[in-house]
Structure formats: structure tokens, C-alpha cells
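The values are calculated or read from the model by the stated rules, or taken from the named source; none is laboratory data. All values reported here derive from a predicted model rather than from experimental measurement. Positions of Cβ are backbone-derived with ideal geometry, glycine not excepted, and every protein chain shown enters the neighbour counts.
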Amino acid sequence: MDSDERAYLATHRSHEVGHLLRRWRAVARKADLQVVSLTGGGDNPVLGLRNRRSVPGNGFYLSAGIHGDEPAAVQGLLQWAENNVQSLREHPVAIFPCLNPWGLRNNRREDAEGRDLNRSFDRPGIPVIGALLDFISRRDFAVAVSLHEDFDANGMYVYELARQGESLGEDLLERVEGVIPRHQGEVEGRIPKNGVMRRTRGLMKIVREIGGMPESIHLFLNGARAALTFETPSEYSLYRRVQCHIRFLEGVVDLIGPEG
Ligand SMILES: [Zn+2]
């Protein structure tokens, strides 16, 4: 463990929703992003951020914290944004810093009503889902990124939903694997190819099998050119998990480039 890691682990406040959202509001001011409160006032507001001015291109959908017990995803998205204010000004973005703040506060996967929001994108009657879908309605994205963590994984990996002949997953994992290695072995009964679980078709069958619509499949079927779900292994150091999410996001913006 180096001194950066030791300092980070001694001071992080990764389950403090108020602290998190204050830092996001500071990012929004610097990057000229509008902050919209989607739902859940009081202690647990869900925020959506988008460019105040129109920016050409399709850009990025970025979300974290739909599962509250996956703090590195939330911290990684925040720290990437703090380090990349210029990128946020230059690309169209829709950002959801923490879709399940109650879960983050309580270190729980599900929301306060016991629902897995990542199986609920076909249920717009759930307030946070309905508000999010309104927030992005009729928008296309070059890439949608959902940041997650996995308690069963021994390394990092990515679910990649992409058009035939297009792929980002392998290049992205190459940029991250210096921090945490790729997962070895099965994920939900399938063997990822070098850490990449790729799908182009058959998505509604998956939705039926897992009992609800995940964020990434909804986005891929509704205007995202590619949808990436990035997972870090929960048993590694929080510091290194956060660094993985930062590098992953840097890679996404690099690979898509200015035309994104
Ligand atoms: Zn998750």
C-alpha cells in the first residue's frame, strides 16, 4: 500500500450522501451543468446533471450507485468528473451520480422499498425510474456507462452491449488491468472472454430470465449506440476499485473522441 492509498482509506466518506452531492454541485458549477432533483427530497435526493448549453454530438450517459452497496462506483464517477471538468463542458452528458442514495447511506443493494432498481427500467411508475426516463427522453447517446461492483468477482470485468462489428470492452479493460486484474472464471453461468461479456442480440430473453429490465439493456434498446456495465471486485481495496472506475471512464471518453 502506498501513501496515496493509505491517506485515501483513512479519510474517504464513501457512504455520506450529503458530502457526495455537495461535491457534485461544485463540479456542476465549474462544468456549467444543470442539476435537476429527480426525486426523493430530504436526505436522499436523486440528482440528474446535464449540460446547461447545447453541445453537438450524442455524448455520454453515466450512472453509478443504483446498487447502494457498491461505493467505489459512486466515488469513481465523482472523482473522474472532478478531474475532467473540461471534458464535461465539451461533450453532451447525462449524469446520475447516485441513483439509490438510501442504499448508499445504508450500504444496501436495494432501495428503501426493497426493489432492485437495476431490474426496474420497465417500471416507470417507480418515481426515480419515471423521472430518469423523462430526463433522458428522446436523447441518443454514443455510450451509456453503468458503474457497478461485484461481491463474487475475483477481478474486474465488463458487460458490453454493442452493435455487430463494434467493440470497446477489450481496449477499456487493457487500460484498467494495471490496477486490478481481470476476472477469471464464470459470471452468472457464462465465461467472459478476457473479462468481456458481450451481447448484441437476445436481450429480451435475458430480461425475462433475470425478472426485470436492467438500466443498460433499456438504454441499448432505446438510443444508446453501446451500453457498458463495468464491475469491480468488492473485496479489493476501495482505493484501487475507485482508480479502476476513473480509468475506465477516461478510456471511454478517449475512445469515443471529440465526435462523441
Ligand atoms: Zn451492481
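General remarks:
- Test: residue in segment 217-224 that is more than 16 Å from the ligand (Cβ to nearest atom), in contact (Cβ under 8 Å) with a residue 24 or more places away in the chain, buried (at least 16 other Cβ atoms within 10 Å of the Cβ) and not in a helix (DSSP H, G or I): yes
- Residue in segment 130-154 that is surrounded by the fewest Cβ atoms within 10 Å (Cβ to Cβ), counting only those that are within 16 Å of the ligand (Cβ to nearest atom) and farther than 17 Å from PHE96 by Cβ: PHE151
- Taking first residues from segment 39-54 that are more than 12 Å from ILE95 (Cβ to Cβ) and free of Cβ contacts under 8 Å to residues at least 60 places away in the same chain and partners that are of a type outside the set (A, V, I, L, M) and buried (at least 19 other Cβ atoms within 10 Å of the Cβ), the Cβ contacts under 9 Å between residues at least 6 apart in sequence or on separate chains come to PRO45/PRO101; SER54/PRO92.
- Filter result for ASP171 (surrounded by fewer than 14 Cβ atoms within 10 Å (Cβ to Cβ) and part of a loop (DSSP other than H, G, I, E, B)): no
- Answer from GLY68, GLY130, GLY114 - the residue that is in a helix (DSSP H, G or I), at pLDDT 95 or above and over 24 Å from PRO258 (Cβ atoms): GLY130
- The residue of segment 118-127 that is surrounded by the fewest Cβ atoms within 10 Å (Cβ to Cβ), among those that are in contact (Cβ under 8 Å) with a residue 12 or more places away in the chain and in contact with a helix residue (DSSP H, G or I) (Cβ under 7 Å, 6 or more places away or on another chain), is ARG123.
- Scanning segment 118-126 for residues that are within 16 Å of the ligand (Cβ to nearest atom) and either in a strand (DSSP E or B) or of a type in the set (Val, Ile, Thr) (or both) turns up at least one hit.
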